[in-house]
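Chemist: Supplied in structure tokens, the structure appears directly below.
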Amino acid sequence: MLFGAGLIPIVPAGFFLFYYQSQSKTNITALQQSVSQMAALMTERETQDLSRRLERMWAPGTKYVDPANLERALKANPEFLYMAFTGADGREILSGGAPELRRFFGFLDIGDTRLFRTAAEDGRIAIGQFEMLYDMPLCRMVYPLGGGYFAFAAVNLRDLVEKLHSQRLGATGGLLLADAEGGSLAFSRSLEKFDRQAVRSMTALGPVFEFEGARGVYVGAGARVRGFDLYALALEERAEAFSGINRIIWLMAFLLLGVATAF
């Protein structure tokens, strides 16, 4: 009877531990969702600003294929590092911009790319194909000008990267900006480098997910950038994300075991 009476406080304590563990995991997931949604909102604002600037550069009625107009537009918009005009087949008519990028792109032919097909089908700007090039975070934009012409631009996302770098998720976590093709930009050097297939898998898992990477299992949350086929992903290794919870659980378990042993 004395032993049973001593164990009575352990029962509610066990229920409390179970509740604390589930609630803490919910809070961690909610934090990751908030970070991903905030990143998606910041990306939405940045991409909308870039889209408006590109539209203002080449309003209807402008003489599109004009080297002088292209040079003036690039000087007035330094984030646009490279720009080219194509016909309805996606093949280059005229291009200009930084010499390094002109050499990198060569003679532009984007007719078979998903970005070009999306812009042609939807009749609006398409953004994607993220990558680090010459230590610069770049994305590509395709803008249907009308009359069978398209504008292609390579844009430096330095300002957006600086804003998103400040969002931290522990020592192993961070933010990932991805497009539908699996191209991505990581905003934390501690994140492992995911291939395109892995990124596509994460974007398809839903708003909250677990994903097994090369270093271990990640817990994360994703949010779609409104108006674009882009995704903001917040990731952190599961072992680190739940390490504080697990330590407290084990400490409480040993405490309850000590109480039971004393009785």
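Chemist: Can you pull out every residue in region 209-231 that is touching a residue at least 24 places away in the same chain (Cβ under 8 Å) and small (Gly, Ala, Ser)?
Modeler: Hits for region 209-231 are Gly220, Ala221, Gly222, Ala223, Gly227.
Chemist: Something else: Is there a residue in region 18-31 that is of a type in the set (Lys, Arg) and closer than 30 Å to Leu251 by Cβ? First the steps, then the outcome.
Modeler: Kept after step one, since they are of a type in the set (Lys, Arg), are these residues of region 18-31: 25.
Checking the rest, the ones that are also closer than 30 Å to Leu251 by Cβ come to 25.
Scanning region 18-31 turns up at least one residue that is of a type in the set (Lys, Arg) and closer than 30 Å to Leu251 by Cβ.
Chemist: With the requirement that a residue be in contact (Cβ under 8 Å) with a residue 40 or more places away in the chain and either surrounded by fewer than 17 Cβ atoms within 10 Å (Cβ to Cβ) or in a loop (DSSP other than H, G, I, E, B) (or both), what does region 176-186 give you? Can you show your working first?
Modeler: Residues of region 176-186 in contact (Cβ under 8 Å) with a residue 40 or more places away in the chain: 176-181, 183-185.
Those that are in contact (Cβ under 8 Å) with a residue 40 or more places away in the chain and either surrounded by fewer than 17 Cβ atoms within 10 Å (Cβ to Cβ) or in a loop (DSSP other than H, G, I, E, B) (or both): Ala180, Glu181, Gly183.
Chemist: Of the conditions (1) touching a residue at least 60 places away in the same chain (Cβ under 8 Å); (2) in contact with an Asp or Glu (Cβ under 9 Å, 6 or more places away or on another chain); (3) on the phi > 0 side of the Ramachandran plot, Leu160 fails just one. Which one is it?
Modeler: Condition not satisfied by Leu160: (3).
Chemist: Another question about this same structure. Filter region 224-239 down to residues that are more than 12 Å from Asp179 (Cα to Cα), out of contact with any Lys or Arg (no Cβ under 8 Å at 6 or more places or on another chain) and crowded, with 17+ Cβ neighbours inside 10 Å, then give me how many there are.
Modeler: Residues of region 224-239 more than 12 Å from Asp179 (Cα to Cα): 226-227, 234-239.
Adding the requirement that they be out of contact with any Lys or Arg (no Cβ under 8 Å at 6 or more places or on another chain) leaves 226-227, 234-236, 238-239.
Filter again for crowded, with 17+ Cβ neighbours inside 10 Å, leaving 234-236, 238.
Residues meeting the conditions: 4.
Chemist: Checking the structure you have, find out if any residue of region 56-73 is exposed (fewer than 13 other Cβ atoms within 10 Å of the Cβ) and under 21 Å from Asp179 (Cα atoms).
Modeler: No, every residue in region 56-73 fails to be exposed (fewer than 13 other Cβ atoms within 10 Å of the Cβ) and under 21 Å from Asp179 (Cα atoms).
Chemist: When the residues of region 189-216 are filtered to those that are assigned to a loop (DSSP other than H, G, I, E, B) and under 23 Å from Phe228 (Cα atoms), which remaining residue is modelled with the lowest pLDDT?
Modeler: Of everything passing the filter in region 189-216, Gly206 is modelled with the lowest pLDDT.
Chemist: Considering only region 156-174, I want to know if a residue exists there that is at pLDDT 85 or above, touching a strand residue (DSSP E or B) at 6+ places or on another chain (Cβ under 9 Å) and within 19 Å of Leu70 (Cα to Cα).
Modeler: Taking every residue of region 156-174 in turn, at least one turns out to be at pLDDT 85 or above, touching a strand residue (DSSP E or B) at 6+ places or on another chain (Cβ under 9 Å) and within 19 Å of Leu70 (Cα to Cα).
Chemist: Right, something else. Of all residues in region 6-43, which are touching a residue at least 24 places away in the same chain (Cβ under 8 Å) and more than 21 Å from Gly222 (Cα to Cα)?
Modeler: Gly6, Leu7, Pro9, Ile10, Ala13, Gly14, Leu17, Tyr20, Gln21 - these are the residues of region 6-43 that are touching a residue at least 24 places away in the same chain (Cβ under 8 Å) and more than 21 Å from Gly222 (Cα to Cα).
Chemist: Quick one: count up the residues across region 102-152 that are farther than 23 Å from Thr43 by Cα, modelled with pLDDT under 85 and loosely packed, with under 15 Cβ neighbours inside 10 Å.
Modeler: 3
Chemist: Output the number of the condition that Val199 fails; it satisfies all remaining conditions of (1) under 22 Å from His165 (Cβ atoms); (2) among the β-branched types (Val, Ile, Thr); (3) in contact (Cβ under 8 Å) with a residue 40 or more places away in the chain.
Modeler: (3)
Chemist: Among the residues of region 175-188, which ones are touching a Leu at 6+ places or on another chain (Cβ under 7 Å), modelled with pLDDT of 80 or more and among the small types (Gly, Ala, Ser)?
Modeler: We begin by selecting, within region 175-188, every residue touching a Leu at 6+ places or on another chain (Cβ under 7 Å); these are 175-179, 184-188.
In the following step, the residues that additionally are modelled with pLDDT of 80 or more were identified as 175-179, 184-187.
Matches in region 175-188: Ala178, Ser184, Ala186.
Chemist: Looking only at region 118-131, decide whether some residue is free of Cβ contacts under 8 Å to residues at least 12 places away in the same chain and under 14 Å from Tyr149 (Cα atoms).
Modeler: The first filter runs over region 118-131 and keeps only residues free of Cβ contacts under 8 Å to residues at least 12 places away in the same chain, leaving 121-122.
Then keep just the ones that are under 14 Å from Tyr149 (Cα atoms); that gives 121.
Checked against the condition, which is being free of Cβ contacts under 8 Å to residues at least 12 places away in the same chain and under 14 Å from Tyr149 (Cα atoms), region 118-131 yields at least one hit.
Chemist: Further, regarding this structure: For Val199, indicate whether it is β-branched (Val, Ile, Thr), under 17 Å from Val35 (Cα atoms) and surrounded by 14 or more Cβ atoms within 10 Å (Cβ to Cβ).
Modeler: Details: β-branched (Val, Ile, Thr): yes; under 17 Å from Val35 (Cα atoms): no; surrounded by 14 or more Cβ atoms within 10 Å (Cβ to Cβ): yes.
For Val199, the condition - β-branched (Val, Ile, Thr), under 17 Å from Val35 (Cα atoms) and surrounded by 14 or more Cβ atoms within 10 Å (Cβ to Cβ) - is not met.
Chemist: Also: I'm told Leu101 meets every condition in (1) touching a residue at least 24 places away in the same chain (Cβ under 8 Å); (2) out of contact with any strand residue (DSSP E or B) (no Cβ under 8 Å at 6 or more places or on another chain) except one. Can you identify the failing condition by its number?
Modeler: All conditions are met except number (2).
Chemist: Then there's this: Taking Lys25 as meeting all but one of (1) touching a helix residue (DSSP H, G or I) at 6+ places or on another chain (Cβ under 8 Å); (2) within 24 Å of Phe228 (Cα to Cα); (3) charged (D, E, K, R), write down the number of the exception.
Modeler: Going through the list (1) touching a helix residue (DSSP H, G or I) at 6+ places or on another chain (Cβ under 8 Å); (2) within 24 Å of Phe228 (Cα to Cα); (3) charged (D, E, K, R), Lys25 breaks only (2).
The values are calculated or read from the model by the stated rules, or taken from the named source; none is laboratory data. These numbers were taken from a predicted model, which means no experiment stands behind them. Positions of Cβ are backbone-derived with ideal geometry, glycine not excepted, and every protein chain shown enters the neighbour counts.
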